[in-house]
Amino acid sequence: MPCFRAPVFPQAHWTISNWLHFPSAKKLEDASTYLSLPSTKIELEEKGHSATGKSMQNLGSCTISKDSFQISTLVCSTKLTQNVDLLGLLKWRSNTNLLQQNLKQLMKVDGGEVVKFLQDTLDALFNIMMENSESETFDTLVFDALVFIIGLIADRKFQHFNPVLETYIKKHFSATLAYTKLTKVLKTYVDNAEKCGITDQLFKDFLMETFIMFKNLIGKNVYPFDWVIMNMMQNKMFCRYAEKAFQRINDICSCLSGAFQLWNNYFHLAVAFLTQESLQLENFSSAKRAKILNKYGDMRRQIGFEIRDMWYNLGQHKIKFIPEMVGPILEMTLIPETELRKATIPIFFDMMQCEFHSTRSFQMFENEIITKLDHEVEGGRGDEQYKVLFDKILLEHCRKHKYLAKSGETFVKLVVRLMERLLDYRTIMHDENKENRMSCTVNVLNFYKEIEREEMYIRYLYKLCDLHKECDNYTEAAYTLLLHAKLLKWSEEACAAHLTQRDGYQAATQGQLKDQLYQEIIHYFDKGKMWEEAIALGKELAEQYENEMFDYEQLSELLRKQAQFYENIVKVIRPKPDYFAVGYYGQGFPTFIRNKVFIYRGKEYERREDFEARLLTQFPNAEKMKTTSPPGDDIKNSSGQYIQCFTVKPKLDLPSKFHRPVSEQIVSFYRVNEVQRFEYSRPVRKGEKNPDNEFANMWIERTIYVTAYKLPGILRWFEVKSVEISPLENAIETMQLTNDKINNMVQQHLNDPNLPINPLSMLLNGIVDPAVMGGFTNYEKAFFTEKYMHEHPEDHDKIEKLKDLIAWQIPFLAEGIRIHGEKVTEALRPFHERMEACFRQLKEKVEKQYGVRAVVSCLLTSCFKQIWSFYAVGDGQKAFDLLAWEQFLNSLFLENPDNFLDSSRKFFSILFLRNCCLKTKSLPEMIQHDCSRAKCRLPVDVVPFQGLCQGHTGLQRCAACILDFHTLWHHPKWRLLLT
């Protein structure tokens, strides 16, 4: 058997070391001989023998031949240590006489062995200190050992053991009074640094380790928050240490290069101390706060002033700490202690100045402070006082600087605007009123869009989208996501990390992400019944599927969806929401709505009363205003809350693609969607009340509200950005509406002869009555004067337009009175004759002052729609040009105004017959109706309509009709139009 002896160790819990063994291959008769043989290389060499194993060796009674071999062991255990020095420390109670030696030897133990038994080693060190609380014998050695261990963990080689240390501090550390001994040792080291001749480099390393240790102690809250005395004593000890250590840092760093990490650790440690929970005195009761200030003072101010002084001592090295130190300095300045803020906010200007001198800009500083400010304010730091101080202090510094006066002031104003929005957002972040949360979120994201901070912009877009989905605002959620999609390209460009802030999107390229977003947006538009918007996006997506991705399966599915959307538009009845103007007046409202007016899009079937009730529920202390007039400064500056609410009418803005008449089902969508202008009308009296005619000086004040964005959008409401109150524009609009009203009623009577005449009578008489005189007498007095023209030369075109509308009212009234005369009963004949006499006076006055106009619109409306339907589709006929057609009729009127109406009616009748012949269609009802309207009697032998007009007489008049038709047909202007 081989000659091998395993070593026997006197201490327990050892394992065999990683040694090289030399057992002999020779069998010995006496087993006890084995015990005297060397078992390791070290033992062999200690006895003066060669360890090569190649020659004969005489080891006492045993001769070892060349037949020997070596065994190398490598043992690893996390339960039993292989190091006698470490074991001696862990079992220190068994032999306290060796404790000092074991503590010193610990620093020689391999780091890998120490970190494997980290918790046991730390427990042993703190137990040694606490069980010898009356003695200082081991304090320095324990301190050195702790610094050694923390240094090991800080080493990159063992940094993965840092979570073990963190867990120990958080869950297992129990030596609550150890800090008193440790602090005393630290103070001794600092005091004796120069006396002991410690070199700057060694002291620098020492400070690095102690900074790390203190930062861990501060961050882990050794004592509970309500242990005020213990926490304050600990903090006071730190301040004493800081006072000594910081001075020493200044001394060694003034001449020591490469001290960046030391300064960096110092700044982070100091800020961690300032911001720890136990020092935030504003969180204590007033009595406890006063007691702490009386006994300990505000230690935040003391350390803050030290930080300020240390920053300015950096000198030319400051640029190395920008932008890394912007965040910690910002965190310090946000502490709600006025003197501390005043002392430290100027550091920001110093940073701006430092970077500007280095790069001729302070872009790094600006970007960093904006990013950090968002995080800090959302986390609960900052207030109105900080915003004011920041604005005041930095502006004072910037305006004194030769080069930073303008750019610095712009930056300060930008940050102040951001703070306003972030403070509003934080105030309502957990508010039950989600509408307020949405408003503040939009304020913040719009700011980030303005300054082109895309990452922050997208972050708040998704916060807003989530709020909308919680409220089932699918249309608004779709518009919100669309803003993200618009940032992307249909390309293979790689997707930056900030573009995919949601885990649900799996996209490597911008094109892939945009595809996914479009599909989600179309889904939300569908749920919100906004099929027009879904179709528009679908067309863009279909183009990609068909011509770029060649994904025909996706294309076919998308086209089926679009077909359903088109069908929904014409078949599904969509409720029309009402719109409301809401003003929030008084200083009692949050700043983001205070003294501002918004246009709200109501919910489906929501009445104004219900909407108002919902508003007042959100603001239970608000008082509802009873007038719709803008309030005065007394209301706006009051401390209360006043809400003004009234219904407004959206103004249709039909897309240009609708260049011809379309179905009302299609147009109705645009009456309440994609709107940005809203009107509100209220009666006002100008001058003294006229006892004879109370309406003589009554005016309608029409206010136009223009919102910042179209509705619907990313919100269900938008702020009013401009208010237009123009009496002249109101007059123009009123005249246009009056003319349209006359024209529409004329068309109704032309289309249906059986309509009652009373509404027409009231309408016409209300206009031609001498007391009203067309309704434009007040306009003449107000706008058609030399004084007004002199004061408002910019309104010349508008005044001419108003005059033109007044002139056009005469032919409309003439047609209405003609129809009225045909339908009036004998009992009302005197009334009609008086109305005709009034009209003659009005016509004479208007045509003399404003010129003569031709009534063409009524003919176009009643007849031309049918002509258009024949010529616009099928059989290769060229569609009429509406404008050219109107110009032709106008020229015809000017050539022969007396016979124009009769001739044109006859012309339309014959044109209908000719058109039906061309299309070989039999439309007797239409022809017969048109014939009766034109007072024309058709000959019974007209082919192919023989027999359709039986009973009609007056062949000669019909021949005249045909003659007139041929006359018009060969008219040069008419021939030109047809060709």
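Here is a yes/no grid of residues against (1) assigned to a loop (DSSP other than H, G, I, E, B); (2) out of contact with any strand residue (DSSP E or B) (no Cβ under 7 Å at 6 or more places or on another chain); (3) crowded, with 19+ Cβ neighbours inside 10 Å; (4) not aromatic (Phe, Trp, Tyr):
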{"residue": "Met310", "(1), (2), (3), (4)": "no, yes, no, yes"}
{"residue": "Lys318", "(1), (2), (3), (4)": "no, yes, yes, yes"}
{"residue": "Gly327", "(1), (2), (3), (4)": "no, yes, no, yes"}
{"residue": "Ile335", "(1), (2), (3), (4)": "yes, yes, yes, yes"}
{"residue": "Arg341", "(1), (2), (3), (4)": "no, yes, yes, yes"}
{"residue": "Ile347", "(1), (2), (3), (4)": "no, yes, yes, yes"}
{"residue": "Gln353", "(1), (2), (3), (4)": "no, yes, yes, yes"}
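Determine which single condition Gly304 fails, assuming it passes every other condition in (1) at pLDDT 85 or above; (2) touching a Phe, Trp or Tyr at 6+ places or on another chain (Cβ under 9 Å); (3) crowded, with 18+ Cβ neighbours inside 10 Å; (4) part of a helix (DSSP H, G or I).
Failing condition for Gly304: (2).
Can you tell me how many residues in the stretch 288-315 are without any contact (Cβ under 8 Å) to a residue 12 or more places away in the chain and closer than 25 Å to Gln247 by Cβ?
3
If only one of Met352, Met325 is within 19 Å of His401 (Cα to Cα) and out of contact with any Pro (no Cβ under 8 Å at 6 or more places or on another chain), which one is it?
Met352
Which residue is surrounded by the most Cβ atoms within 10 Å (Cβ to Cβ), if the candidates are limited to the stretch 571-604 and must be hydroxyl-bearing (Ser, Thr, Tyr) and at pLDDT 90 or above?
Tyr585
Sort out which residues of the stretch 93-113 are under 59 Å from the mean Cα position of the chain (by Cα) and assigned to a helix (DSSP H, G or I), and write them in order of number.
If the condition is that a residue be under 59 Å from the mean Cα position of the chain (by Cα) and assigned to a helix (DSSP H, G or I), then Leu106, Gly111, Gly112, Glu113 are the ones that fit.
Tally the residues that are buried (at least 18 other Cβ atoms within 10 Å of the Cβ) and among the aromatic types (Phe, Trp, Tyr), restricting the search to the stretch 259-292.
Residues in the stretch 259-292 being buried (at least 18 other Cβ atoms within 10 Å of the Cβ) and among the aromatic types (Phe, Trp, Tyr): 4 in total.
Given Lys116, Lys157, which one is surrounded by fewer than 14 Cβ atoms within 10 Å (Cβ to Cβ), in contact (Cβ under 8 Å) with a residue 24 or more places away in the chain and within 55 Å of the chain's Cα centre (by Cα)?
Lys157
Of all residues in the stretch 471-529 being within 19 Å of Pro577 (Cβ to Cβ) and of a type in the set (Gly, Ala, Ser), which is farthest from the chain's Cα centre (by Cα)?
Among them, the one singled out is Gly528.
Identify the single condition in (1) outside any helix (DSSP H, G or I); (2) closer than 30 Å to Pro224 by Cβ that Thr137 does not satisfy, given that it satisfies every other one.
So the condition that Thr137 fails would be (2).
Within the bounds of the stretch 502-523, is there any residue that is more than 25 Å from Glu557 (Cα to Cα), outside the structural domain of Arg671 (by TED's automatic domain parsing) and out of contact with any Gly (no Cβ under 8 Å at 6 or more places or on another chain)?
So far as the stretch 502-523 goes, yes, one or more of its residues are more than 25 Å from Glu557 (Cα to Cα), outside the structural domain of Arg671 (by TED's automatic domain parsing) and out of contact with any Gly (no Cβ under 8 Å at 6 or more places or on another chain).
Taking only the stretch 712-756 into account, find how many residues are outside any helix (DSSP H, G or I), surrounded by 17 or more Cβ atoms within 10 Å (Cβ to Cβ) and aliphatic (A, V, I, L, M).
3
Looking at the stretch 616-632, can you tell me whether even one residue there is of a type in the set (S, T, N, Q), out of contact with any Phe, Trp or Tyr (no Cβ under 9 Å at 6 or more places or on another chain), surrounded by 13 or more Cβ atoms within 10 Å (Cβ to Cβ) and under 19 Å from Glu719 (Cβ atoms)?
Scanning the stretch 616-632, I find at least one residue that is of a type in the set (S, T, N, Q), out of contact with any Phe, Trp or Tyr (no Cβ under 9 Å at 6 or more places or on another chain), surrounded by 13 or more Cβ atoms within 10 Å (Cβ to Cβ) and under 19 Å from Glu719 (Cβ atoms), so the answer is yes.
Can you report the number of residues in the stretch 617-661 which are over 29 Å from the mean Cα position of the chain (by Cα) and not in a loop (DSSP other than H, G, I, E, B)?
Here the count works out to 5.
Given the condition free of Cβ contacts under 8 Å to residues at least 60 places away in the same chain and out of contact with any Leu (no Cβ under 9 Å at 6 or more places or on another chain), answer yes or no: does some residue in the stretch 641-648 qualify?
The answer is yes; a qualifying residue exists.
State whether one or more residues within the stretch 412-421 are without any contact (Cβ under 8 Å) to a residue 24 or more places away in the chain, surrounded by fewer than 21 Cβ atoms within 10 Å (Cβ to Cβ) and not assigned by TED's automatic domain parsing to the domain that holds Trp717.
Yes, the conditions are met somewhere in the stretch 412-421.
Restricting to the stretch 369-408, and then to whatever is of a type in the set (Gly, Ala, Ser) and surrounded by 19 or more Cβ atoms within 10 Å (Cβ to Cβ), can you tell me which residue is farthest from Leu445 (Cα to Cα)?
Gly408
State yes or no: is Glu420 touching a helix residue (DSSP H, G or I) at 6+ places or on another chain (Cβ under 9 Å) and over 21 Å from Trp717 (Cα atoms)?
No; evaluated as a whole, the condition is false for this residue.
The values are calculated or read from the model by the stated rules, or taken from the named source; none is laboratory data. Source: prediction; values computed, not measured. Positions of Cβ are generated from backbone atoms using ideal geometry, with glycine treated the same way; all protein chains shown enter the neighbour counts.
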